[in-house]
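What follows is a single structure, written as structure tokens, with notes after it.
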Amino acid sequence: MYPAHTRYYLGFNLVPGLGPVRLARLVAHCGSLEQAWHADAVALAAAGLDARTSAALLAARERLDLDAELDRAARAGVRLLTIEDAAYPRLLREAPGAPPLLYVRGSLSAADDRAVAVVGTRSPTAYGREATRHLAGALAQGGITIVSGLALGVDAIAHTAALEAGGRTVAVLGCGVDRPYPERNRALAERIVARGALVSDYPLGTVPAAANFPPRNRIISGLSRGTLVVEAGARSGALITVEFALEQGREVLAVPGPIFSRQSEGTLQLIRDGAALVACADDVLNALDMRVSDLQHTARAELPADPIEAAVLAQLSHEPRHIDELGRTAGLPAATVAATLALLELKGLARQAAPLQYVISR
């Protein structure tokens, strides 16, 4: 059951041309999200909406059944997260122009607060493929969530390496989360849903279009503490993610490549411009001040001191168990189990394998 504001954020998200800035201005003028949704043409104009956007909003209001749209999302196995929700990703909320509504297939976790974007060319060299596998796998094994865009090349390799390392990964799409693209990565997308999430701010059913992909890059960088570019040409789309990262005040990192390779032109230029040079996973952790493996080692050593954490952890194995089952077998209230699992995730001792399904992570 969603809070009342979710249906209005969903409605506004279905209005063409009404982005975060215009929506914020409209809500500020009208006094609340609900009043903004029901505002008449005069109020919309007074709030600064142009005639086309006002007409689109008025038409959408007449056309849409918001409850039916909520049901549609539920049937598709999609969770809606608004910027007002506690579960909305903290790093993204802090980024300028954060999308008011996210569509999520799979699950986002508190552990995703330690995330690094790994991006690059769709046509990596053998060196780029190996560097991506090595770095993304090592980071994921150390408890870092790998964020990328599900594209062919570096993106897909990074997601796959994270999954193979037993870690978490999040794919940000330039289409609806019910229509993952490209087709070749559909199976990968389903694996990501089971061990992370597909995320988009585009409505369900949105088909992939070239114009959709540059804007989605702001979410890739916004979800991440830093953006690592493995291999990119001088005009690579990965450099758009870098621009967003810089606007958001996030770190930019790059892997050096052969000076004769066109696929290294972009990354070498980033290093000249001050991006942190990365040759191993520790370079990323040091640049972002995330010595996760050390923190997790300490957390594991201290765990037995807490009997509730120990009780919940004792119920976990490598086979997913539902949170309700964990509560019953541990003899603990659901709220206590949920809070304890969140803490165990932060310590790298447990992870969510599917919605409300947890496994041990050591």
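None of the figures in this text is laboratory data; all of them are computed from the coordinates on show. Computed from a predicted model, the values in this text were never measured in an experiment. Please note: Cβ atoms are built from the backbone with ideal geometry, for glycine as well, and neighbour counts cover all protein chains shown.
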Between GLU62 and GLU84, the two model label points (7 Å from Cα along the beta-carbon direction) sit apart by a distance in nm of 2.7
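Of the DSSP beta bridges with both residues in the chain, give the percent that are antiparallel, rounding to the nearest 5. All intermediate terms of the calculation are to be shown ahead of the outcome.
Working: 14 of 34 bridges.
If we restrict to bridges inside the chain, about 40 percent are antiparallel.
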From DSSP H assignment alone, runs of 4+ in the chain each adding -39500 (n - 2.57), the sum over residues rounded to the nearest 500 puts [θ] at 222 nm at -13500 deg cm²/dmol
Taking a label point 7 Å from the Cα of GLU34 along Cα-to-Cβ, the residues of segment 7-24 whose backbone nitrogen sits under 14 Å from it are 7-9
With the dipole of the chain defined by +1 on each Lys or Arg Cβ and -1 on each Asp or Glu Cβ, the option from ILE308, HIS134, SER107 whose Cα lies farthest towards the positive pole is HIS134
The farthest towards the positive end of the charge dipole of segment 83-224, of the residues SER221, LEU163, GLY205, given +1 on Cβ of Lys and Arg and -1 on Cβ of Asp and Glu, is LEU163
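Name the shape class, rounded, prolate or oblate, that the alpha-carbon gyration tensor gives for segment 62-108, where a ≥ b ≥ c are the square roots of its eigenvalues, rounded holds for a/c under 1.5, and otherwise prolate holds if a/b is larger than b/c and oblate otherwise.
Numbers: a/c = 3.09, a/b = 1.60, b/c = 1.94.
In terms of gyration-tensor shape, oblate.
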Percent of all Cα-Cα pairs per 5 Å bin for segment 1-75, counting from 0 up to the last occupied bin, reads 3, 17, 30, 26, 14, 7, 3, 0
Checked the chain with the C-alpha gyration tensor, a ≥ b ≥ c its square-rooted eigenvalues, rounded below a/c of 1.5, otherwise prolate if a/b is larger than b/c and oblate if not; verdict oblate
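Suppose every K and R has +1 on its Cβ and every D and E has -1 on its Cβ; what is the size of the dipole of the chain about the Cα centre, in Debye to the nearest 20? Can you show the working numbers first?
On the way: 36 positive and 37 negative charges, 127 e Å.
The calculation lands at about 600 debye.
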Across ILE308, ILE219, ILE240, the residue with the highest GNM fluctuation in the chain (Cα network, 10 Å cutoff) is ILE308
A student applying the Cα gyration tensor rule (rounded when a/c is under 1.5; otherwise prolate if a/b is larger than b/c, oblate if not) would label segment 304-350 rounded
Sorting TYR2, VAL15, ALA46 by the position of each Cα along the dipole of segment 1-92 (Lys, Arg +1; Asp, Glu -1; all at Cβ), the one nearest the positive end of that ordering is VAL15
At the level of C-alpha centres, the distance separating segment 235-267 and segment 53-89, in angstrom, is 35
For segment 81-88, in residue order, the Karplus 3J(HN,Hα) values (coefficients 6.51, -1.76, 1.60; θ = phi - 60°; whole Hz; Gly and Pro = x) are 10, 9, 5, 8, 7, 4, 7, 5
